[in-house]
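In what follows, a single structure is set out as structure tokens and then discussed.
The values are calculated or read from the model by the stated rules, or taken from the named source; none is laboratory data. Keep in mind that what you see is a predicted model, and the values were worked out from it rather than measured. A quick note on method: Cβ atoms are made from the backbone with ideal geometry, for glycine too, and the neighbour counts reach across all protein chains shown.
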Ligand SMILES: Nc1ncnc2c1ncn2[C@@H]1O[C@H](COP(=O)(O)OP(=O)(O)OP(=O)(O)O)[C@@H](O)[C@H]1O
Ligand SMILES: [Mg+2]
């Protein structure tokens with residue numbers, strides 16, 4: 001992984017707005033929020049259900065497009081580009097970890113981990129050493145040939161973490177990464193996120209209702225009705 005300089009801005013949002021069209025009134029999920037994140041920070045994103053956390057992570061990941069405002073992530077002006085044109089950004093700059101893991105059921109642990117690198121056009125000889133390193137680090141070597149349905153929740157989440165890291169992203173976005181785990185496995189996942197931050201200077205943004213990651217945060221963002229308080 002690259003070693004970004006600390007204290008330089010990697011994410012800048014200005015007057016960011018996301019309005020969803022609905023059958024009734026338009027729904028303002030993010031209402032003119034502005035913030036910056038420095039390289040190497042750990043940000044905790046909190047707020048009640050429906051406050052806009054997942055919406056913000058989807059924008060940061062280039063999976064969704066802002067209605068207005070500007071959003072620059074790792075030198076990419078995401079407000080100027082449609083999500084369909086952001087394939088390489090999504091594969092190389094950000095790693096996403098979800099509450100529900102989102103593993104592909106017909107692929108093994110090893111294949112799930114390698115998949116984003118294959119999609120990015122890397123050769124297996126390049127991918128394999130990194131995948132092996134991640135399997136060892138995440139204590140998943142004995143489960144490498146298992147399918148997701150054969151794994152525990154903690155094992156599924158560790159596989160999802162390895163998959164998020166296979167392309168060496170500078171930014172990790174985690175949406176309720178501990179939501180489906182018991183407190184032991186939840187703490188283990190938080191410790192892994194901390195290690196990614198310390199060892200590779202990944203910038204980490206964690207949307208969570210839990211307090212497990214509070215002590216790690218360099219900043220805490222609190223969303224209320226789509227606004228930062
Ligand atoms: N695709 C969509 N279409 C319409 N409204 C949406 C859509 N996605 C989210 N919303 C609405 O936008 C608001 C913010 O949703 P979001 O999923 O970002 O909240 P959240 O903070 O992640 O909540 P939770 O803690 O429950 O995960 C909610 O009112 C939600 O109903
Ligand atoms: Mg959410």
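Remarks
- Filter result for residue 181 (part of a helix (DSSP H, G or I) and either more than 16 Å from ligand 2 (Cβ to nearest atom) or at pLDDT below 95 (or both)): no
- Residues that are assigned to a loop (DSSP other than H, G, I, E, B) and in contact (Cβ under 8 Å) with a residue 60 or more places away in the chain were ranked within region 50-62; the one that is farthest from the chain's Cα centre (by Cα) is 51.
- When 179, 153 are checked against the criterion of being within 16 Å of ligand 1 (Cβ to nearest atom) and more than 11 Å from residue 112 (Cβ to Cβ), 179 stands alone in meeting it.
- Count of region 170-196 residues, restricted to those that are within 18 Å of residue 38 (Cα to Cα), buried (at least 20 other Cβ atoms within 10 Å of the Cβ), touching a helix residue (DSSP H, G or I) at 6+ places or on another chain (Cβ under 8 Å) and in contact (Cβ under 8 Å) with a residue 60 or more places away in the chain, is 5.
- Being assigned to a loop (DSSP other than H, G, I, E, B) and within 16 Å of ligand 1 (Cβ to nearest atom) is a property that does not hold for residue 40.
- Any hit, region 197-218, residues being part of a helix (DSSP H, G or I), more than 16 Å from ligand 2 (Cβ to nearest atom), free of Cβ contacts under 8 Å to residues at least 40 places away in the same chain and within 18 Å of residue 137 (Cβ to Cβ): yes
- Cβ-Cβ contacts under 6 Å between residues 6 or more apart (or on different chains), taken from a first residue in region 24-40 that is under 13 Å from residue 228 (Cα atoms) and touching a residue at least 12 places away in the same chain (Cβ under 8 Å) to a second residue that is assigned to a loop (DSSP other than H, G, I, E, B) and within 16 Å of ligand 2 (Cβ to nearest atom), are listed as 29/52; 29/226; 30/52; 30/226; 31/226.
- The helices (runs of 4 or more DSSP H) falling completely within region 63-172 that include 2 or more residues that are at pLDDT 95 or above map to 109-119, 124-137, 153-165.
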